[in-house]
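Undergrad: Would you mind keeping the following structure in view while I ask a few things?
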Amino acid sequence: MLSLPGFRPQGESPLYRQLYDYLREGILKGQLAPGTRLPPTRDLSRELGLSRNTVVSAFEQLLAEGYLEARVGDGTYVARTLPGQWEVRPLPEGPSRDGRRLSRRGEELARTPVTLRRKRGSGAFRAGLPDFRAFPMKLWARLEARHWKLAPDELLNYSDPAGYYPLRESVAAYLQTSRGVVCTPEQVIITTGSQQGLDLAARLLLDPGDAVWVEDPGYLGARGAFLAAGARVVAVSVDREGLDVAAGWRLEPRARLAYVTPSHQYPLGVTLSLRRRLELLEWASEQSAWIVEDDYDSEYRYRGRPLAALQGLDREGRVIYVGTFSKVMMPGLRLGYLVVPPDLVEAFAAGRALMDRHPPGPVQAVLAEFIREGHFVRHIKRTRGLYAERQQVLLEALERHFGGWLEVHRADAGLHLAAWLPQGVDDQEASRLAAEQGIEALPLSAYSLAKLPRGGLMLGYAAFTPAELEEGVATLREALTPLMRTIP
């Protein structure tokens, strides 16, 4: 008769679970061979000093999962149907030796970054973040509590993959008045942030091998989405007028899609000129191509009204408009949206459903009310003034500490500045020195496929108080002093 002298209860988990785990591991490792007869529960409980109910509970769980089998009038045995190859082995480290590997698309996904790796807790000048302290958290909490208290079934059940219709109505109305986007609520698809929107567009509009124009330097998340879809990325240079459409024509006239950030190019901050916008639309019309317009932070324009979206000039349904609430509210909200041509709505809704069924209902409902009651627009107006002031503080601090050594110009829009280094200074090294002092100043060269004429750093300012910006610039000056000595 088998005994279990090796079993020693320990820890806080229930005793039946500890006995279950012990027996299960012994079975999977082959220590309890198939066909082995186990002691009666009464005998085993006396041997182990456990209650009989504890042993019975462990046996019942193992019987239910097929590790044991009961024979009427003959006792309990280890199941004979367990194959020897079920033995538990540690997971391999590094490349698999048995031929297992990722798919080609999986390998591309695994090595394609969405953003640059950041040090946890890095301070100024992290780009792309709003100031969470400026967000009306108490108001949001009251709206959220109200919706959870009164949440109807439609918010708790499976719902429309395109999103909560009142939110789609609010987004469409906002975009029509503030961005010049021409759309109906039906054309709005709510996404889990703009990155999901880019991934969805890449999956639905591209075949493996299709060419895609991307801005260079440009947003890594977009480039990654297209590469992961198997597309061939064509780096198109950016100048003071934005994407060089003529260069795109020369490099790959038959591209299937062009990705642009026309209102505030990422990361350089320039605006796509009207002439270039019309050229881009003309190219898309002639080639039957698509344009993905990423309007990631257009709410923050500090001179004049926000520029009208490229989508508003589109008369043929060639533009897929991408927006996000991450820059205005908070990235953790994970809500964004697409505006797609009417004939693509059903396809995009179906593709959205395959990703994660639908966005979370209660959060959508809270956001819809937040917009409908005017809180969203008031928050934008308040933070627009706040961020404009902080940009000015950063410019003045950079001038005092660096003089002309860093070339930085006032930006008409956005949440960061591009600071250009002198010729010959490696921006990767400058970024590394800054990181050693706890400063995040990402190198512009990291966003470019081609070699930039000179290096630069991306300096975010929106998430930091004037005092934090002043301290950050002083620390950056200290960090870059070794480089400044080499090039006065």
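Undergrad: Could you tell me whether any residue of segment 451-460 is in a loop (DSSP other than H, G, I, E, B), closer than 30 Å to V234 by Cα and in contact with a strand residue (DSSP E or B) (Cβ under 8 Å, 6 or more places away or on another chain)?
TA: Scanning segment 451-460, I find at least one residue that is in a loop (DSSP other than H, G, I, E, B), closer than 30 Å to V234 by Cα and in contact with a strand residue (DSSP E or B) (Cβ under 8 Å, 6 or more places away or on another chain), so the answer is yes.
Undergrad: Taking the residues in segment 427-472 that are hydroxyl-bearing (S, T, Y) and within 20 Å of H401 (Cβ to Cβ) as candidates, determine which candidate is surrounded by the fewest Cβ atoms within 10 Å (Cβ to Cβ).
TA: Applying the first criterion (hydroxyl-bearing (S, T, Y)) to segment 427-472 yields 431, 445, 447-448, 461, 465.
So of that shortlist, the ones also within 20 Å of H401 (Cβ to Cβ) come out as 431, 461, 465.
Numbers: S431: 24, Y461: 29, T465: 14.
Step by step, filter segment 427-472, then rank; the result is T465.
Undergrad: Also: Within segment 20-79, which residues are touching a strand residue (DSSP E or B) at 6+ places or on another chain (Cβ under 8 Å) and at positive phi?
TA: G35, G75
Undergrad: Something else: List the helices (runs of 4 or more DSSP H) that sit entirely inside segment 1-84 and contain at least 2 residues that are surrounded by 11 or more Cβ atoms within 10 Å (Cβ to Cβ) and under 50 Å from the mean Cα position of the chain (by Cα). It would help to see each step written out before you state the result.
TA: Numbers: elements: 15-28, 41-48, 52-64.
The qualifying helices (runs of 4 or more DSSP H) are 15-28, 52-64.
Undergrad: I need a count of the residues in segment 271-297 that are touching a Leu at 6+ places or on another chain (Cβ under 8 Å) and either touching a residue at least 40 places away in the same chain (Cβ under 8 Å) or surrounded by fewer than 16 Cβ atoms within 10 Å (Cβ to Cβ) (or both).
TA: 6
Undergrad: Continuing with the same structure: Criterion first (more than 21 Å from A284 (Cβ to Cβ), among the hydrophobic types (A, V, I, L, M, F, W, C), buried (at least 22 other Cβ atoms within 10 Å of the Cβ) and in contact (Cβ under 8 Å) with a residue 12 or more places away in the chain) does V188 satisfy it?
TA: Judged against the criteria, V188 is a match.
Undergrad: When both residues are 6+ apart or on different chains and their Cβ atoms are under 6 Å apart, which pairs have a first residue that lies in segment 314-336 and is not assigned by TED's automatic domain parsing to the domain that holds T261, and a second that is of a type in the set (D, E)?
TA: No pair meets every condition.
Undergrad: Okay, moving on. Do any strands (runs of 3 or more DSSP E) lying entirely in segment 170-252 carry at least 3 residues that are over 24 Å from R454 (Cβ atoms), among the β-branched types (V, I, T) and modelled with pLDDT of 95 or more, and which ones are they?
TA: 188-191
The values are calculated or read from the model by the stated rules, or taken from the named source; none is laboratory data. No experiment lies behind these values; they were computed from the predicted model shown. Reconstructed Cβ throughout: ideal geometry from the backbone, glycine too, with neighbour counts over all protein chains shown.
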